[in-house]
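Have a look at the structure below before the remarks.
Each value in this text was obtained by applying a stated rule to the coordinates, not by laboratory testing. Source: prediction; values computed, not measured. With ideal geometry, Cβ positions are generated from the backbone for all residues, glycine too; neighbour counts draw on all protein chains shown.
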Amino acid sequence: MGRTAYEGMARAMTTTDHPFADILNAGRKVVFSRTMKTADWANTTVAAGDTAEEIDKLRLGGDGHIVVWGGVSLWQSLMRLDLIDEFQVSMFPYVAGEGTRLFDGVPKSYQLDLVSSTASSNGIVYLQYGRHR
């Protein structure tokens, strides 16, 4: 995750009974940041080097799956490097009209294939896209 997502999630997950809190608190986490030097949230390290090199290190030291929680700027970096294989996006029935757009600065050739879509009774649509290869 990026620094901003880390700051919000670390604060929320360590002070709540959120359903994912136990999993996230115990799990290995990496924050991509050039400004952070240390991270206080348990099992968290800071990756401050070249993004592609840091991802390669994670791939070599893991099971082949990396989940990116939050951080539009990080997602955009990963898309520009063509390092994302799958998107799972929740579309909420709310339009803010401002904020960072997920696909700004991404090559126009970045094609996705819809894998699945599920609509919930409260209006949230869960979308899964795979990178067209």
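Assorted remarks:
- Working note: Karplus 6.51/-1.76/1.60 with θ = phi - 60° gives the stretch 56-63 the couplings 4, 4, 5, 4, 5, x, x, 9 Hz, where Gly and Pro are set to x.
- DSSP-defined antiparallel bridges as percent of all bridges, the chain, nearest 5: 70 percent
- Cβ-Cβ distance of Arg131 and Thr51, R₀ of 22 Å, FRET efficiency by 1/(1 + (r/R0)^6): the value works out to about 0.85.
- For the stretch 1-63, the list of chymotrypsin sites (Phe, Trp or Tyr not before Pro) that fall in a loop by DSSP and count at most 13 other C-beta atoms within 10 angstrom reads Phe20.
- Working note: Karplus 6.51/-1.76/1.60 with θ = phi - 60° gives the stretch 40-53 the couplings 8, 5, 3, 6, 10, 10, 10, 9, 10, x, 4, 4, 4, 5 Hz, where Gly and Pro are set to x.
- Full extension of the chain between His65 and Ile124 yields a length gain of 18.7 nm, computed as 0.36 nm times the residue separation minus the alpha carbon distance.
- FRET efficiency for Ala26 and Val72, using Cβ-Cβ distance with R0 set to 25 Å, rounded to 0.05: 0.45
- Each of Phe87, Gly62, Phe32 was placed along the dipole of the stretch 1-96 (beta-carbon charges, centred on the mean Cα), and the one lying farthest toward the positive end is Phe32.
- Cβ-Cβ FRET estimate between Met36 and Phe92, R0 fixed at 30 Å, reported to 0.05: 0.55
- The modelled label-to-label distance between Leu114 and Thr16, using points 7 Å beyond Cα along the C-beta direction, is 3.0 nm.
- Amide H within-cut-off set for Glu86, under 5 Å, with H built and near neighbours excluded: Arg131
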